[in-house]
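> The structure is given below, and queries will be raised subsequently.
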Amino acid sequence: MSKQISLAPDYKPSDSEPFMNERQREYFRSKLLAWKDEILKEAKETLVTLQSESENHPDIADRASSETDRAIELRARDRQRKLISKIDAALSRIEDGSYGYCEETGEPISLKRLEARPIATLSLEAQERHERNERVFRDD
């Protein structure tokens, strides 16, 4: 595990510094960990809500509405579970030094893209190419 460095509260990665230097890696590590903590906190709140709402609704419409809400919430939690595994993978890439580099081309992923999508594994160009190919080969 790499040593922690402290960042100024207003620090933002910039193209004027070396790509994926120690400060940038720490910045994205902190951003990813905060995102993961937020998701886990929401998941705990959902669990508490689902447990407290397990009362029996005598009205069939209320019961149906409650079941629909529950199904939507569980689907959202499943998406967030998958997101946590992507966050964990990004944290591993920070540790092994491959974070911020396109899996397809090996080129740096723009800081702007990483800021918007810190779990990105493809550069914008590679992602667009991937999506175009997906549309071409998709079964309609």
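What follows draws every value from the coordinates through simple rules; no lab data is involved. All values reported here derive from a predicted model rather than from experimental measurement. All Cβ positions, even for glycine, are placed from backbone atoms using ideal geometry, and neighbour counts span all protein chains on display.
> Please go through region 106-140 and pick out each residue that is within 21 Å of LYS36 (Cα to Cα), in contact with a helix residue (DSSP H, G or I) (Cβ under 8 Å, 6 or more places away or on another chain) and not in a loop (DSSP other than H, G, I, E, B).
Across region 106-140, the qualifying residues are LEU111, ARG113, LEU114.
> Something else: Taking GLY100 as meeting all but one of (1) out of contact with any helix residue (DSSP H, G or I) (no Cβ under 7 Å at 6 or more places or on another chain); (2) in contact (Cβ under 8 Å) with a residue 60 or more places away in the chain, write down the number of the exception.
Failing condition for GLY100: (1).
> Scan region 3-26 for residues that are closer than 22 Å to SER98 by Cβ, in a loop (DSSP other than H, G, I, E, B) and not charged (D, E, K, R) and jot them down.
Within region 3-26, GLN4, ILE5, LEU7, PRO13, SER14, PRO18, PHE19, MET20, ASN21 qualify.
> Examine region 70-77 for a residue that is within 25 Å of SER123 (Cα to Cα), surrounded by fewer than 16 Cβ atoms within 10 Å (Cβ to Cβ) and basic (Lys, Arg), and state whether such a residue exists.
There is no residue in region 70-77 that is within 25 Å of SER123 (Cα to Cα), surrounded by fewer than 16 Cβ atoms within 10 Å (Cβ to Cβ) and basic (Lys, Arg).
> I've got another one for you. With respect to GLU42, determine if the residue is of a type in the set (Asp, Glu), within 25 Å of ARG23 (Cα to Cα) and part of a helix (DSSP H, G or I).
Against the criterion (of a type in the set (Asp, Glu), within 25 Å of ARG23 (Cα to Cα) and part of a helix (DSSP H, G or I)), GLU42 does not qualify.
> How many residues are surrounded by 13 or more Cβ atoms within 10 Å (Cβ to Cβ) and of a type in the set (A, V, I, L, M) if we restrict to region 16-40?
Looking only at that region, the number is 3.
> Looking at (1) part of a helix (DSSP H, G or I); (2) within 30 Å of PRO9 (Cβ to Cβ); (3) under 18 Å from the mean Cα position of the chain (by Cα), which is the one condition that is false for TYR99?
All conditions are met except number (1).
Matching residues to (1) part of a helix (DSSP H, G or I); (2) in contact with a Leu (Cβ under 6 Å, 6 or more places away or on another chain); (3) surrounded by 13 or more Cβ atoms within 10 Å (Cβ to Cβ); (4) not small (Gly, Ala, Ser):
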| residue | (1), (2), (3), (4) |
| --- | --- |
| PRO58 | no, no, no, yes |
| ALA64 | yes, no, no, no |
| LYS82 | yes, no, no, yes |
| ALA90 | yes, yes, yes, no |
